[in-house]
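These notes are about the structure you will find just below.
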Amino acid sequence: MKRKLVINKLEVIGFLGYFLFLGVERILALILSTFQGGSLSLTAGWFFPIVTYVISALALIGGLILFAKPAKEMLKTLFKKEEYDLNKDLTKIVIASSIYLFGGMVHTGFTLSALQFVSYGFLIMALIAKCVDHCKDNGNKYISIASLIYIVCFSMALPVCYALPQDTGLVLSIPFYISEFGGIFVLVPMFGLMMLEYFETGVHKFYISPLVAVTIFSGVAIVLRWDYEINWFLLIALGTTILVFLALGIAARIKLKKQNN
């Protein structure tokens, strides 16, 4: 029982920390990006800062509205020797987390990347706590750990929306922005579904469609920005995601199939 309580607290702290730190970062971004950031400031007047500002604002508001009630109940139990029933509001929490993430996936005139990574670290902590709980409950340790590694790698391979120079031609800029913005609106919900499945079952079934989608969207974004700037972080994250799927995911799929037969 003590283990369950500790793990539950870690899950709660993970979600609260994610919303707190990303929320603070995005609030600062919305305030300071109005005039700061040069061509990325809201007052610059071209489409990219306007779109990223609107996405950030809507993501912040939508995420907080959905998370408000679960957060209140989490805080009530946080310092008590009682567990918060995560399953009761799990779908709402994951949807709120996914909506919130949209704001973190767009580059604004003012961005504190370090604070964003801290917030993602809290979310990963919640996933790790779930992995430990599942493994301790005699779940399939290999599948659960492989799933955790893959989900974390996948989250790092999502393309953040960056701006190209304003004088970039339409031949390059149109497919580039389609790959970036299309990528987050396709891949963030996929990541949310992966999280929901993991928190519900302790495993991910390694569907091929998310891997194909992230390879296409992130790959196109990397290639089209190559001459301007090589996004080494995204390139390494995408390569790692593909390798993890091949090295761990295929074996996990086989084990899952045998387990379900």
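The values are calculated or read from the model by the stated rules, or taken from the named source; none is laboratory data. These numbers were taken from a predicted model, which means no experiment stands behind them. Positions of Cβ are generated from backbone atoms using ideal geometry, with glycine treated the same way; all protein chains shown enter the neighbour counts. Accessible surface is based on the protein model in full, side chains and every heavy atom, while ligands, DNA and RNA are left aside. Shrake-Rupley method; radii C 1.70, N 1.55, O 1.52, S 1.80 Å.
Below, the figures for the structure above:
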{"item": "Test for residue 109: is it open to solvent by less than 30 Å² (accessible area, probe 1.4 Å), assigned to a helix (DSSP H, G or I) and over 20 Å from residue 194 (Cα atoms)", "result": "no"}
{"item": "Pair list, Cβ < 8 Å and 6+ apart or interchain, from the stretch 36-58 residues that are on the phi > 0 side of the Ramachandran plot to residues that are modelled with pLDDT under 95 and not aliphatic (A, V, I, L, M)", "result": "37/49; 37/108; 37/109; 37/110; 38/109"}
{"item": "Residue within the stretch 52-73 that is under 30 Å from residue 138 (Cβ atoms) and either open to solvent by 60 Å² or more (accessible area, probe 1.4 Å) or not β-branched (Val, Ile, Thr) (or both) present", "result": "yes"}
{"item": "Residue count, the stretch 91-106 (criterion: part of a helix (DSSP H, G or I) and either surrounded by 22 or more Cβ atoms within 10 Å (Cβ to Cβ) or among the aromatic types (Phe, Trp, Tyr) (or both))", "result": "10"}
{"item": "The stretch 136-155, residues that are open to solvent by 20 Å² or more (accessible area, probe 1.4 Å), part of a helix (DSSP H, G or I) and touching a residue at least 60 places away in the same chain (Cβ under 8 Å)", "result": "136, 142, 149, 153"}
{"item": "Unique residue being of a type outside the set (D, E, K, R), in contact with a His (Cβ under 7 Å, 6 or more places away or on another chain) and at pLDDT below 95 when the list is 162, 150", "result": "162"}
{"item": "Sole exception among (1) in a loop (DSSP other than H, G, I, E, B); (2) at pLDDT 95 or above for residue 56, by number", "result": "(1)"}
{"item": "Qualifying residues in the stretch 205-261 (those that are open to solvent by 70 Å² or more (accessible area, probe 1.4 Å) and among the charged types (D, E, K, R)) - the one farthest from residue 151 (Cα to Cα)", "result": "227"}
{"item": "Residue 158 vs. criteria within 18 Å of residue 97 (Cα to Cα) and open to solvent by less than 40 Å² (accessible area, probe 1.4 Å)", "result": "yes"}
